[in-house]
Structure formats: structure tokens, C-alpha cells
Amino acid sequence: MRTRSIVLGATFIAMLAGAAYAQPRNQPQVSPDEQKAAQAIAAAADNAAKLKAATDFIKKYPKSSLRPMIARGFANHISSMTDAAQKATAAQSYKELFKEPSEQEIIAPIEIEALAAAKRPDDAFAAGTAHLAKNPESLPVLVQLVATGTDEAKNRNGKFVAQSVQYGTHAIQIIESDKKPADVDDAGWTSYKTTVLPSLYQSLGLLNLVGGDRAKAKANYLKASEISPTDPFNFVMLAGMLNDEYQTEAKCYQGMPNGPARDEELKKAQAILDAVIDAYAHAIALSETTASLQTVRQQYMQDLEAYYKYRHNGSTAGMQELIGKYKAPAKP
């Protein structure tokens, strides 16, 4: 089964580039020359000119009260770049210029994202691991590494699965412990948790599945579905995994001799099948408007009808009502 792309780090990258930082109430008091030098960075026509202007500013005004805003603005500029190779180069230049820990924290996830997009996953993990050695609680870096490892796993590269599971587990612990980064406001933190926590569980589900731990994969997809009950992808994956379990139980039942043990195996298989039916109904209901899931949705509709008839004496009465029960509420 093909899996959709899961992007975890972009939200936090934007936040750390300035979107969710509390801005000063009043413009810092600086000299006209300092203000002019800062304006030159914003007015620079290209990346090279912007880097030179920023370098000149930091050399001349290393303790400037404008420095945090300049660092965030420059990181935001790098984050918006579309050429992955240029973005990675710009991020490295930033790291060499803005060396304060808070500044390095801003650029780290952006660099990892750029290196991954430039098809340099080894470099992405090396950069992330180096940053985590100094900042083990760096949530944006943990999240971006999970995103990178998940994408690599989808591309049949399992090299980073174990690391990504470790980082994802730690990121979840940080979020569920409500360890909000100091520079992120309450509203931004709440929004971030709502978006990223289910995606982390979803990514762990995929990583566990690729790593061969189906029990943990199922548990993580279940958790993701509890946190984000209108996301069809969780139920698509759960339905597929439950169906595999059912097929295994059905074969076991068919190979057993008549007797009480076989009767118990039938009950077990039927209970799993009922869970498959429910997961299929969820997936079908929630994926109705998701273009990327229409092929699997059509297949699931065929499977659901066959399974539903088997469990309801050849009838589909009530099947559409079951699907309808799980449709997401219409947006106002």
C-alpha cells in the first residue's frame, strides 16, 4: 500500500523563523547608522548580497538589539527558498555567521529540511545528530528528523528507521509533557501540538511497520486516530493491517479440525473481521474527498461489501448507514 507524504517539520520551521515569536512592543532604540545597516539586509537583491549585508552588520554591531530580529528574518528568508541545494548552502552560511545557541536553534531544522530535499539524507541526519548532541530537547530538530526518516522509509531506504523511531518517541514525550519552547507563545504551541502530535504517531506507525514491528505500528496508528479522528489515512492503514490479521486467522481456522478449538478460532476471526469492517467504514467515509486515496477507497468499498454481506447473511442493509456514521462533520 502506498503511503502519503507526511510533513512534520514545516510548521515548526515557520514558527522558529519568526511566526510565533513574541515581537517587542516597541522598536529597539538604535542609531541611524545601525538602522540603515539593518535595512540594507532587507533590501539586498539576492542571497549573496543579503549574506554580505548581514555579515557586515554582525561584524560592526555584534551586540545590537536588532540582532534577534535580523537572525529570524534571515532564517525566514532561507526557509522560503525553493532551490534545495542553494537553501542548504545558505543555511550553512547562516550557521557560520549566527553562532548564538538561539540562532543555531532557528536554522537547524531548516538546514535538515534543505539537505533532505537535496537528496542528502546522510548529511541531514549528521547535522541533526550534531545539533541534538548539544541540544537534546530540540523539538523542531527531532520533528524534522522524523519527517526526513519517514520520507526515506517511504522511498525504501530503511537506514534511518531506528533513529527516527527514537527521535519520534522523544518528540512525543516532550509534547505530551507540555514542554513548550520558551520563545513560542501559548497559542502557537497549542496549534502546533494539535497538528504535529498525531502526525508523529502516524509517522511512528509507518516507521514501525517498515521496521517489522506490526504491533507497535498498529498501536501508533490507533493513537493517531484517537487524536485526529477525521484523518482518513490512519484508518486506511489500520484497515489494511487488521485485514492482514483477519486473513491469517481465517487460514488458521480453515486448517483446524472440527472441535471446540476450531469454534473458538472462528469467534476470534469473526471479531477481527468486525474490526476490519469498522475500520473500512471509517476509511471510506473520511476519504470521500481525498483525491490521493480514491484508488484504495474503491478497493476498500469492494472489500467492505463482501465482508459486510458475509457477516449479515448476504445483505448490505445498514452498510451505508455505517459509513455515514463516520463521515466528518461539514465545515461551517
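The values are calculated or read from the model by the stated rules, or taken from the named source; none is laboratory data. This structure is a prediction, so every number in the text was calculated from the model and none was measured. Quick reminder, even Gly has a Cβ in these numbers, built from the backbone with ideal geometry, and neighbours come from all protein chains shown.
The table below lists the values:
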item	result
Filter pass, residue 124 being in the same structural domain as residue 198 (by TED's automatic domain parsing), surrounded by 16 or more Cβ atoms within 10 Å (Cβ to Cβ), under 19 Å from the mean Cα position of the chain (by Cα) and modelled with pLDDT of 95 or more	yes
Residue identified as more than 18 Å from the chain's Cα centre (by Cα), farther than 24 Å from residue 183 by Cβ, at pLDDT below 95 and not in a helix (DSSP H, G or I) among 45, 37, 49	45
Some residue of the range 251-263 being modelled with pLDDT under 95 and in contact with a Ser or Thr (Cβ under 8 Å, 6 or more places away or on another chain)	no
Identity of the residue in the range 181-223, crowded, with 16+ Cβ neighbours inside 10 Å and of a type in the set (S, T, N, Q), that ends up nearest to the chain's Cα centre (by Cα)	199
Residue list for the range 88-118, restricted to those being assigned to a loop (DSSP other than H, G, I, E, B) and touching a residue at least 24 places away in the same chain (Cβ under 8 Å)	98, 100, 118
Single condition residue 164 does not satisfy, out of (1) surrounded by 17 or more Cβ atoms within 10 Å (Cβ to Cβ); (2) free of Cβ contacts under 8 Å to residues at least 12 places away in the same chain	(2)
Enumeration of residues in the range 165-185 that are touching a Leu at 6+ places or on another chain (Cβ under 7 Å) and part of a loop (DSSP other than H, G, I, E, B)	181
Output for the range 283-307, where each listed residue is under 16 Å from residue 322 (Cβ atoms) and out of contact with any Lys or Arg (no Cβ under 9 Å at 6 or more places or on another chain)	297, 300, 301, 302, 303, 304, 305, 306, 307
